[in-house]
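The values are calculated or read from the model by the stated rules, or taken from the named source; none is laboratory data. Keep in mind the model is a prediction, meaning the values are calculated, not measured. Virtual Cβ from ideal backbone geometry, glycine too; neighbours counted across all protein chains shown.
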Amino acid sequence: MYHCKFTFCITTQFLTSYSELLRKQQSIGLLKKALLLSCILLIQSCVSEDPTVLSGEVVDTKTGLKIPGVTVLVSVYEKASFLTIPALYREDTLVSDSQGKFRLVAPYNEQYSRFTINVLKEVASGTFEFANGQDCSPYDCSSFLPGKVHQFRVRIPLDSL
């Protein structure tokens with residue numbers, strides 16, 4: 001009889017340990033699934049957007065000929081709250097190539113609100129001003145998509161350079 005009690009105690013203890021083990025395995029399984037789901041979501045959120053490319057050429061307004069070696073200033077502004085002036089986010093100075101073309105690759109950012117493309121002329125060594133005394137009208141960035149190439153044709157009178 002004592003032997004039976006001992007077996008019963010061992011069996012009961014074994015069943016209790018086994019059920020706890022099953023519960024722990026189920027908890028670990030749920031934890032693994034939650035961790036896997038978190039990793040997948042984290043990886044998806046870390047995928048970087050393709051950059052936005054601003055590409056263009058500078059041409060003479062009268063002849064339509066491309067103008068090489070022109071300094072182009074691209075200014076990008078961030079979104080601003082209502083009735084405030086947008087702050088300058090970044091500025092890049094480029095020089096058009098032998099074909100009058102320029103290209104700027106900028107990381108896509110939803111905070112960009114607008115940008116301007118200006119042609120500069122050098123008035124003294126290292127000193128520039130807007131050619132023709134004005135800048136181009138600002139372009140709205142809301143229609144820009146990541147990974148796209150946006151092309152511009154900047155027309156400027158050759159005699160203003």
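Could you tell me whether any residue of region 87-102 is at pLDDT below 80, farther than 30 Å from Leu161 by Cα and in contact with a strand residue (DSSP E or B) (Cβ under 7 Å, 6 or more places away or on another chain)?
no
Can you name the residue in region 48-70 that is part of a strand (DSSP E or B) and out of contact with any Phe, Trp or Tyr (no Cβ under 6 Å at 6 or more places or on another chain) and, of all such residues, is surrounded by the fewest Cβ atoms within 10 Å (Cβ to Cβ)?
Ser55
When you check Ser142 against the structure, is it modelled with pLDDT under 70, assigned by TED's automatic domain parsing to the domain that holds Glu57 and polar (S, T, N, Q), yes or no?
It is true that Ser142 is modelled with pLDDT under 70, assigned by TED's automatic domain parsing to the domain that holds Glu57 and polar (S, T, N, Q).
Return the total of residues in region 76-96 being loosely packed, with under 15 Cβ neighbours inside 10 Å and outside any strand (DSSP E or B). Spell out how you get there, then give the answer.
Here is the first cut: in region 76-96, the ones loosely packed, with under 15 Cβ neighbours inside 10 Å are 80-85, 87-88, 91, 93, 95.
Then keep just the ones that are outside any strand (DSSP E or B); that gives 80-85, 87.
Summing the residues that are loosely packed, with under 15 Cβ neighbours inside 10 Å and outside any strand (DSSP E or B) in region 76-96 gives 7.
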